[in-house]
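Working notes, beginning with the structure itself.
The values are calculated or read from the model by the stated rules, or taken from the named source; none is laboratory data. Not measured: the values here are computed from a predicted model. Virtual Cβ from ideal backbone geometry, glycine too; neighbours counted across all protein chains shown.
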């Protein structure tokens, strides 16, 4: 428990990264192995990621992010995408429960039908909201997992979504929820942590 408290308190939004600290796909995979355990509604796993490590592509991503310096100095840029049509994967995702005998065929059919019909009946706005909600949960898991592996991160919304989709060839099925820069923080340029409200200001017990 103390280690988790330390992880949470030591995680900071890095405003500046040290240059020339590459991160490998293998190192990112170690983070994503933890990320895939994040919760998602109906276990639909709405979140997709584009991990940009190629310097040339990263430069194009930097332009879509209004030229922000930390994008250029980061080890990688992670684009967090919410799948607005994740419910269409319900059959495939639930199939393992059927094969393992956790659900019988009738239960499986009902689970699939109930999940799909809910998403379809509530429409596109709900589907977009769900994509954002679930991708946000996954993104927080990414930042904590990255910190546990010795990497620093910064969640960012300062980018042009349409330009980013063009640069990375992202289809309209996916909502760009946020961008996360990852690298080794230049600690000497770190500013003091911002004000945090006392619990009484943001929690109400009823």
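The sole residue among 131, 111, 139 that is closer than 20 Å to residue 13 by Cα and part of a helix (DSSP H, G or I) is 139.
For the structure I just gave you, tell me whether residue 190 is exposed (fewer than 15 other Cβ atoms within 10 Å of the Cβ) and in contact (Cβ under 8 Å) with a residue 24 or more places away in the chain. Yes; evaluated as a whole, the condition is true for this residue.
Checking each residue in the range 160-206 for being part of a helix (DSSP H, G or I) and at pLDDT below 95 picks out 187, 188, 189. With respect to residue 20, determine if the residue is surrounded by fewer than 17 Cβ atoms within 10 Å (Cβ to Cβ) and either in contact with a strand residue (DSSP E or B) (Cβ under 9 Å, 6 or more places away or on another chain) or on the phi > 0 side of the Ramachandran plot (or both). Judged against the criteria, residue 20 is a match. The set of residues in the range 86-104 that are on the phi < 0 side of the Ramachandran plot and either outside any helix (DSSP H, G or I) or touching a strand residue (DSSP E or B) at 6+ places or on another chain (Cβ under 9 Å) (or both) comprises 86, 89, 100, 102, 103, 104.
Restricting attention to the range 90-123, the residues being under 30 Å from residue 159 (Cα atoms) and surrounded by 17 or more Cβ atoms within 10 Å (Cβ to Cβ) number 1. Applying the condition of being crowded, with 19+ Cβ neighbours inside 10 Å and in contact with a helix residue (DSSP H, G or I) (Cβ under 7 Å, 6 or more places away or on another chain) to the range 148-160 and asking which residue is farthest from residue 8 (Cα to Cα) yields 159.
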